[in-house]
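K.L.:
The structure under discussion is supplied below as structure tokens; questions concerning it will follow.
The values are calculated or read from the model by the stated rules, or taken from the named source; none is laboratory data. It should be emphasised that the depicted structure is a prediction, and the values quoted were computed from it without experimental measurement. With ideal geometry, Cβ positions are generated from the backbone for all residues, glycine too; neighbour counts draw on all protein chains shown.
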Amino acid sequence: MIVRHCAGGVVFYANKVLLIKNDRGEWTLPKGKIFNGELKTESAILSVKQETGVEGKVLGVAGDSMYEFFSRSRQQQVCNSVTWYIMETSDTSCVLNKELLDGGFFKVKDAIEQLTHKKEKSLVEISYKKYKELKKEVVETSASI
């Protein structure tokens, strides 16, 4: 089995989150393989940009997940170990990678229902709570300056 270390983003714009529909027809979050010498945060930002054209800014760590799937191109099982980051963007324009079937920003409640995998549903729900807390802290810090 191949084990791949990946990084991805739970990218928010206000009360919306970025989802993509992969070549298997699954609604998921943008992520990609971490290449030698890359920091996880750099890889997450780059993967989101490459898959969706969205420029994301890392606000914090969302968590980790691990899952297995059968790779049609490699004809074997692959295990993805993903580090997720809470990210924010100031623009909802998407330019999807040609391998993706669909994608864009969806209201968080709708996105949670739309996601294919339970782990990612939980990840978005928890990340949205953290995102709102992080945004509140920024506002409070700005107000006290």
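K.L.:
Filter the stretch 62-81 down to residues that are under 13 Å from the mean Cα position of the chain (by Cα) and surrounded by 15 or more Cβ atoms within 10 Å (Cβ to Cβ) and give me whichever is nearest to V10 (Cα to Cα).
P.N.:
Among them, the one singled out is A62.
K.L.:
Then there is this: So, in the stretch 17-45, of the ones that are charged (D, E, K, R) and in contact with an Asp or Glu (Cβ under 9 Å, 6 or more places away or on another chain), which residue ends up surrounded by the fewest Cβ atoms within 10 Å (Cβ to Cβ)?
P.N.:
D23
K.L.:
Then there's this: Can you tell me how many residues in the stretch 1-16 are buried (at least 17 other Cβ atoms within 10 Å of the Cβ) and in contact with a Lys or Arg (Cβ under 6 Å, 6 or more places away or on another chain)?
P.N.:
Qualifying residue count, the stretch 1-16: 4.
K.L.:
Which one of these is within 20 Å of S47 (Cα to Cα) and basic (K, R): K109, K135, K57, K130?
P.N.:
Result of the check over K109, K135, K57, K130: K57.
K.L.:
I want to confirm something. Restricting to the stretch 60-92 and keeping residues that are touching a residue at least 12 places away in the same chain (Cβ under 8 Å) and small (G, A, S), which single residue is farthest from L134 (Cα to Cα)?
P.N.:
Checking each candidate, the answer is S71.
K.L.:
Then there's this: Of these, L96, L100, which one is in a loop (DSSP other than H, G, I, E, B), touching a residue at least 40 places away in the same chain (Cβ under 8 Å), of a type in the set (A, V, I, L, M, F, W, C) and within 29 Å of M1 (Cβ to Cβ)?
P.N.:
The conditions single out L100.
K.L.:
Within the stretch 73-93, take every residue that is of a type in the set (S, T, Y) and in a strand (DSSP E or B) and give me the one that is nearest to E125 (Cα to Cα).
P.N.:
Among residues in the stretch 73-93 that are of a type in the set (S, T, Y) and in a strand (DSSP E or B), the one nearest to E125 (Cα to Cα) is Y85.
K.L.:
Check every one of the strands (runs of 3 or more DSSP E) wholly within the stretch 11-72 and list those with 1 or more residues that are among the β-branched types (V, I, T) and under 14 Å from L96 (Cβ atoms).
P.N.:
The qualifying strands (runs of 3 or more DSSP E) are 16-21.
K.L.:
Look at T141 and say whether it is on the phi < 0 side of the Ramachandran plot and in contact (Cβ under 8 Å) with a residue 24 or more places away in the chain.
P.N.:
Judged against the criteria, T141 is not a match.
K.L.:
When residues of the stretch 85-118 are filtered for being basic (K, R) and either closer than 16 Å to V54 by Cα or surrounded by 16 or more Cβ atoms within 10 Å (Cβ to Cβ) (or both), how many remain?
P.N.:
The total comes to 1.
K.L.:
So, in the stretch 113-122, exactly how many residues are in a helix (DSSP H, G or I), under 13 Å from the mean Cα position of the chain (by Cα) and either over 17 Å from G9 (Cα atoms) or at pLDDT 95 or above (or both)?
P.N.:
3
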